[in-house]
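S.K.: Can you read through this structure? Questions will come right after.
Taken together, the values in this text are just the output of simple stated rules run on the coordinates, not laboratory data. Small disclaimer: the values here were computed from a predicted structure and weren't measured. Reconstructed Cβ throughout: ideal geometry from the backbone, glycine too, with neighbour counts over all protein chains shown.
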Amino acid sequence: MADYVEIDSILTVGNGDSCLTLLISEDSEIRYELTEGFHELLVVIRNEHPVTLKETGYVVNAELKITYISLSDSELNQQAEIDVREHAKLTVDSYYLVDKKKTVRFDLFNRCPDSAVYITNSAVCLDGSVFDLNVIGTIVKGAKRAKCHQTSRCLTIGKPKKLRADPVLKIDENDVEASHALSSGTIDDDVLYYMNSRGLTRKEALVLLVQGYLLPDSSDFQQFEKGVELLNEEEEKVQRICSM
């Protein structure tokens, strides 16, 4: 399996351990059926024009870790529907810099006993932006001992036009573990004052804070071909957008 793929249509991920970087630059669709092994996907969404990304898949007797990074200043409509079945684990980490409009929806299903879902979303919303996040975790009847945990956090800079983060749990079974947490706020003026006192301008301070909030440690992506290079390029993009 290739380690680095630029797609504009459909990608099917097969079985066996895999480590894959996806660069999304046009309307795209991802489909996968994983029945064994450990799989990691690094999905970098880089678009100059509005993009729709659709994702569907299921995981059985396997583990899947997905990291989404969308730091472009163009519009995004992202929809993901993932079934997590018997003895499967799904971990999702997402990072969004919202300059214009981004709509994101995750539908995550615990279909079977002993399935596990963990999702963490981080977003920085700039002045005049629109961010709409829906995370819906569903534990169906009979999915005993299933786990579904959600965490979402949003940082605002300026005054976004709209910020809505809606974590939802739908639980139809008693013997489960489930939680959701949501936090939002602005950068503390005392933090900016301290950084200003150390010689940084306000824009330089904001860039550093946003990078620390959004960009994961590149050392975690050494195994991805082109992964670190892409993250370095995204870091430069944060500098450009936040300095405007």
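S.K.: What spacing in nm lies between the two simple spin-label points modelled at H149 and T186, each 7 Å away from Cα in the Cβ direction?
M.R.: Inter-label distance under the simple model: 3.2 nm.
S.K.: So the label point goes 7 Å from the Cα of E36 along Cα→C-beta, right? Which residues of segment 53-76 then have their backbone N under 20 Å from it?
M.R.: Answer for this model: 58-65.
S.K.: Moving to a separate point now. What FRET efficiency would be calculated for the residue pair D114, E81, taking the C-beta separation as r and a Förster radius of 22 Å, to the nearest 0.05? Working shown, then result.
M.R.: Values: r = 21 Å, r/R0 = 0.95.
According to the calculation, E is roughly 0.60.
S.K.: If you fit an axis through the alpha-carbon atoms of helix 227-242 and take the longest principal axis of the Cα set of the chain, what angle between them do you get, 0 to 90°, nearest 10?
M.R.: Roughly 40 degrees, rounded to the nearest 10.
S.K.: Next question. Can you tell which of S152, L97, I69 lies farthest toward the positive end of the dipole of segment 4-187, using +1 and -1 charges on the Cβ of basic and acidic side chains (Lys, Arg; Asp, Glu)?
M.R.: Of the listed residues, the answer is S152.
S.K.: Given 10 °C and 1.306 mPa s, compute D for the chain with the Stokes-Einstein relation, Rh being the Kirkwood radius over Cα pairs; round to the nearest whole µm²/s.
M.R.: Working: Rh = 18.6 Å.
D = 85 µm²/s.
S.K.: Based on the mean of other Cβ atoms within 10 Å per residue, sort peptides 19-30, 192-203 so the most packed one is first. Walk me through the numbers before you get to the answer.
M.R.: Values: 19-30: 18.6, 192-203: 11.7.
So the peptides 19-30, 192-203, ranked by packing, come out 19-30, 192-203.
S.K.: Then there's this: Provide the net charge surrounding V238, with neighbours chosen by a C-beta distance below 14 Å and charges set as Lys +1, Arg +1, Asp -1, Glu -1.
M.R.: On the way: positive: R46, K203, K237, R240; negative: D73, D99, E204, E233, E234, E235, E236.
That sum, taken over residues with Cβ under 14 Å, equals -3.
S.K.: Using the Kirkwood radius over C-alpha pairs as Rh, can you work out the diffusion coefficient of segment 114-207 via Stokes-Einstein at 4 °C, viscosity 1.567 mPa s, in µm² per second? Before the final figure, lay out the partial values.
M.R.: Details: Rh = 15.5 Å.
Stokes-Einstein gives a translational diffusion coefficient of 83 µm²/s.
S.K.: Here's another thing I want to ask about it. If eta is 1.002 mPa s and T is 20 °C, what Stokes-Einstein diffusion coefficient results for segment 153-193, Kirkwood Rh from Cα pairs, in µm²/s? It would help to have the intermediate numbers written out before the result.
M.R.: Working: Rh = 13.4 Å.
Answer, rounded: 160 µm²/s.
S.K.: A follow-up question, please. Here is the link list: K54/K144; K89/K162; K100/K237; K102/K161. Which ones come out longer than 21 Å on Cα distance?
M.R.: Values: K54/K144 29 Å; K89/K162 33 Å; K100/K237 15 Å; K102/K161 12 Å.
Too far apart for the 21 Å limit: K54/K144; K89/K162.
S.K.: Turning to a different aspect of this structure: Starting from the amide H of H39, placed 1.01 Å from N in the peptide plane, find each other amide H under 5 Å away whose residue is 5 or more places distant or on another chain.
M.R.: HN-HN under 5 Å from H39: S18, E63, L64, K65.
S.K.: To the nearest 20 debye, what is the magnitude of the charge dipole of the chain about its Cα centre, counting +1 on the Cβ of each Lys and Arg and -1 on the Cβ of each Asp and Glu?
M.R.: Details: 27 positive and 41 negative charges, 189 e Å.
Dipole magnitude for the chain comes out near 900 debye.
S.K.: Further question on the same structure: Cα axis of helix 202-214 to longest principal axis of the chain: angle in degrees, 0 to 90, nearest 10?
M.R.: The angle comes out at about 10 degrees.
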